[in-house]
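Below is one structure; the comments refer to it alone.
Every read-out reported here was derived from the displayed coordinates using simple, explicitly stated rules and does not represent laboratory data. These numbers were taken from a predicted model, which means no experiment stands behind them. Every residue, glycine as well, gets a Cβ built from its backbone with ideal geometry; the counts of neighbours run over all protein chains shown.
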Amino acid sequence: MEKNNKDVKTENIASSEKNHDEHSKKDKETKNSRWNDLNYFNKLNVKNYVATFLLIIVFYFVLSFTFNPNDPFSYTKGIYINILIYVLFSVSLNITVGLMGQLNLGQAGFIAIGGYSAAFISKILVQYNLPPFLQLIIVSLFGGLVAAVFGFLVGGSTLRLRGDYLAIITLAFGEIIKYIIQNLDFLGGATGLSNIPTLLSFSNTYFIVVISIIVIAMAMTSRKGKEVLSIREDEIAAENIGIKLNRVKLYGFALSAFFAGIGGSLFAHNVGILTPDKFGFLFSIEILVMVVLGGLGSITGAIVAAVILTLLNEKLRDVSQFRYLVYAIILISLMIFRPKGIFGTKEFTFAGTKKRIKRIRDYKNNKNEN
């Protein structure tokens with residue numbers, strides 16, 4: 001009996017050891033498979049980055065061949081530069097309105113601050129004969145930083161406000177900035193700041209705007225960007241999980257104002273003269289329409305909507321008095337047929353495009369079979 005019990009015990013121990021070895025092997029296999037999947041996705045990301053870089057370069061050369069680069073009065077080149085500037089305006093406003101969920105109607109004020117600051121410094125730097133691209137980068141960064149300081153101050157003064165109250169405060173800020181500039185003689189007053197160096201070319205505008213959008217996209221996909229998105233989804237839940245709302249809101253307002261200031265610098269060096277009446281309430285609404293049309297929270301949508309509406313403005317130049325009527329019709333149609341905008345909260349990705357193409361093919365194949 002004792003021998004039989006010992007034999008049973010040894011068999012149980014051996015079977016438990018075998019089971020333990022089998023479980024450990026399975027765990028290792030699952031870990032290895034997960035690690036392989038992770039490496040696979042990393043390879044896909046590298047491919048996406050390379051494809052995006054090549055697409056940016058190819059797109060640049062394709063656009064460059066559509067106009068004469070030696071012609072300073074090229075109409076096509078002027079349209080492209082305007083589109084790029086308004087793309088940066090739209091994407092910068094999308095940070096606060098779309099991604100952070102805070103209604104900001106004072107974006108024209110930040111653009112004015114960045115534009116006037118950069119233009120004022122640019123007129124001083126003319127005597128040093130710097131290369132145009134270097135001078136444009138220096139003054140654009142300066143204009144962006146000055147606008148970011150005001151964005152930080154506006155964000156700090158509206159931390160406890162949201163919704164309509166926040167919209168009223170930001171609207172008031174934009175109007176205050178406009179009337180302050182009108183009464184500053186060293187900025188040209190009501191007549192405007194003139195003789196601004198026209199430093200823009202298609203090449204430097206294109207790469208400044210593209211780099212700015214890449215930085216915004218990277219910032220919004222970082223940990224800080226996820227905190228910004230959490231505020232849009234639910235402020236109470238975000239605060240309960242330990243996110244410091246005040247700090248994140250200040251970050252969002254400052255980042256949005258910084259890139260609006262860079263856009264204002266490009267705008268100033270494109271037109272050559274700045275007048276305060278350009279940066280009124282309607283200018284902020286015009287940019288807001290682009291964000292809403294593209295989809296609140298979609299950087300791709302903001303870009304596409306800015307291109308569409310800038311081209312539409314150019315087509316309506318002869319009947320400019322009906323421009324806002326067309327805007328109203330577009331918005332009403334959008335709210336009826338696609339309330340979330342063109343892209344909604346989604347972004348254009350290569351993986352998503354492949355999936356859509358595959359769905360279309362599967363749908364066509366199923367239809368043919370039936």
Checked Ile303, Ile336 against criteria (of a type outside the set (Lys, Arg) and without any contact (Cβ under 8 Å) to a residue 40 or more places away in the chain); the one match is Ile336
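Residues checked against (1) among the aromatic types (Phe, Trp, Tyr); (2) under 21 Å from Ser298 (Cβ atoms); (3) over 21 Å from the mean Cα position of the chain (by Cα):
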| site | (1), (2), (3) |
| --- | --- |
| Val87 | no, yes, no |
| Ser90 | no, yes, no |
| Tyr116 | yes, no, yes |
| Asn129 | no, no, yes |
| Asp164 | no, no, yes |
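Can you list the helices (runs of 4 or more DSSP H) found entirely within the stretch 134-233 that contain at least 2 residues being of a type in the set (D, E, K, R)?
Values: elements: 164-182, 202-220, 223-233.
Of the helices (runs of 4 or more DSSP H) lying wholly inside the stretch 134-233, those with at least 2 residues that are of a type in the set (D, E, K, R) span 164-182, 223-233.
Of the residues that make up the stretch 150-159, is at least one within 30 Å of Ile231 (Cβ to Cβ) and without any contact (Cβ under 8 Å) to a residue 12 or more places away in the chain?
First, the residues of the stretch 150-159 that are within 30 Å of Ile231 (Cβ to Cβ): 150-159.
Narrowing further to those that are without any contact (Cβ under 8 Å) to a residue 12 or more places away in the chain: 153.
Looking for residues that are within 30 Å of Ile231 (Cβ to Cβ) and without any contact (Cβ under 8 Å) to a residue 12 or more places away in the chain, one finds at least one in the stretch 150-159, hence yes.
Which members of the stretch 260-285 meet the condition of being on the phi < 0 side of the Ramachandran plot and surrounded by fewer than 20 Cβ atoms within 10 Å (Cβ to Cβ)? Let's see the steps before the verdict.
Quick first cut of the stretch 260-285, residues on the phi < 0 side of the Ramachandran plot only: 260-271, 273-285.
Listed by number, the residues that qualify are Asn270, Val271, Ile273, Thr275, Asp277, Lys278, Gly280, Phe281, Leu282, Phe283, Ile285.
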